[in-house]
1. For the chain, give the magnitude of the charge dipole about the Cα centre (Cβ charges: +1 Lys/Arg, -1 Asp/Glu; no others), in debye to the nearest 20.
2. For the chain, what are Rg and Dmax over the alpha carbons, in angstrom?
3. Using the eigenvalues of the Cα gyration tensor, what equivalent ellipsoid semi-axes result for region 13-138 when each is taken as the square root of five times the eigenvalue, whole Å, largest first?
4. Express the relative contact order of the chain as a whole percentage, based on alpha carbon pairs under 8 Å and six or more residues apart in sequence.
5. Tell me the label-point distance for the pair CYS58, LYS179, using the 7 Å Cα-to-Cβ offset, in nm and rounded to one decimal.
6. Sort the following peptides by mean Cβ neighbour count (other Cβ atoms within 10 Å, averaged over residues), highest first: 34-40, 298-304, 169-175.
7. Exposure proxy check: TRP140, TRP101 ranked by fewest other beta carbons within 10 Å?
8. Among 225-231, 339-345, 161-167, what's the highest-first ranking by average C-beta atoms within 10 angstrom per residue?
Amino acid sequence: MAQRLKTDWTLFCTVILMVTFGLVIIYSASSMIATLKYNLPSHYFLLRQAAWALVGFCALMYFKRKDYRLLSAPYWAFVPMGLVLMMLLAVIFLDPLAHRWLRVGPLSLQPSEFAKPALAIFLAWFITRRAAAINNVHTWLPAGLALLLLAGTVLVGDLGTAAVLAVTGAAVFYVAGLKRRYFVLALTGGVLLAGFAILAKPYRLGRIIGYVDPEFKLIDKIDPAGRIKSYAHSSLSTRDPSYQARQSKIALGSGGPLGLGLMQGKQKILYLPEAHTDFIYAVIGEELGIWGCTGVLFAFLIILWRGLRLYFVAPDDFGRYLALSVTVTVVFQALINMSVVLDLVPTKGIPLPMISHGGSSLLSTLMSLGILLSVSEHTG
């Protein structure tokens, strides 16, 4: 007798509501910018995101109906990882400035986004097979090298996504029982790699300095010749790396408890850069106030709740680690984005899942959540 599938309607409805809300707020954040800055129709960004939302919904339903246990085959563990790595290597040469975008005619893809579901499947498959020997060097070393290869390739053009991948891997291995000394060793290596990546890109160093020492008082004492300041400013489009964070806080402060009203925000009109992408949470705060921001945060807490619940009730280890990987990826990315907007961490270009404009991010997130829903449907 066929197993009767049970949809997690709490999770499913939360995802649909967040995507719908994202379309509404994207139109509010981008309609005037599309006309004033890009000389495009006011609904341009809305229609693009709606098209990606339709594709993403199809992907979500495909993985939702697919038995997640079929993903435990080596094919699903290695082929998506291999394809993502090939695309990441391709963009390094095809997009020499940003190292982010793979463009095919009018279509643009950001391969680093698809590393997230690929890594989730790989981690669940690998740890399930090697759970009994998780602290064996022949387990953690090859897995660590695979994660390093993936995150390191992403790191060339996207520090934020690389951080999400690294944290996802660290969380899954920690929960799987990796000993503390190996965890600390991996953490040290990750910090050193991140430090090198920051120093290698002047704009990254400029953002860090702009956050911890915006007036360069400490840097001037350390480097009176001004070489560090000159290097940090060498690739910045503005001499004020704190500009985005400051405009974001102005937007959030202007909103107050209830907000100025949908479509009534002012900071999005050429004051707040990336208002419809990385800083869309500030637009929510200005137009819908604290209640709007809290509602978005609450939605991600629902995803966290339903995902962690699946970790404890899934019928097998593969489902447990798959649910954990997807949940950490989506929720941690959201927390990074919101922390940047609130000026709690240095500015980093990373979208708010399901809310920010960006087709690759939306498609990747919905694929991942479709996998999470599949685990739920096949959990008795």
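Derivation of every value follows stated rules applied to the coordinates shown; laboratory data play no part. In this text, all values refer to a predicted model and were calculated from it rather than measured experimentally. Note that each Cβ is placed from the backbone with ideal geometry, even for glycine, and that neighbours are counted across all protein chains shown.
1. On the way: 32 positive and 18 negative charges, 94 e Å.
With Lys and Arg at +1 and Asp and Glu at -1, about 460 debye.
2. 21.1, 77
3. Details: eigenvalues 243, 86, 30 Å².
The three semi-axes for region 13-138 are 35, 21, 12 Å.
4. Details: 544 pairs, mean separation 106.9, N = 380.
Normalised by residue count, the contact order of the chain is 28 percent.
5. 5.0
6. On the way: 34-40: 12.6, 298-304: 17.0, 169-175: 19.4.
By packing density, highest mean first, the sequence is 169-175, 298-304, 34-40.
7. Values: TRP140 23, TRP101 16.
Sorted ascending by nearby Cβ count, the order is TRP101, TRP140.
8. On the way: 225-231: 12.6, 339-345: 18.4, 161-167: 23.9.
Descending mean neighbour count gives 161-167, 339-345, 225-231.
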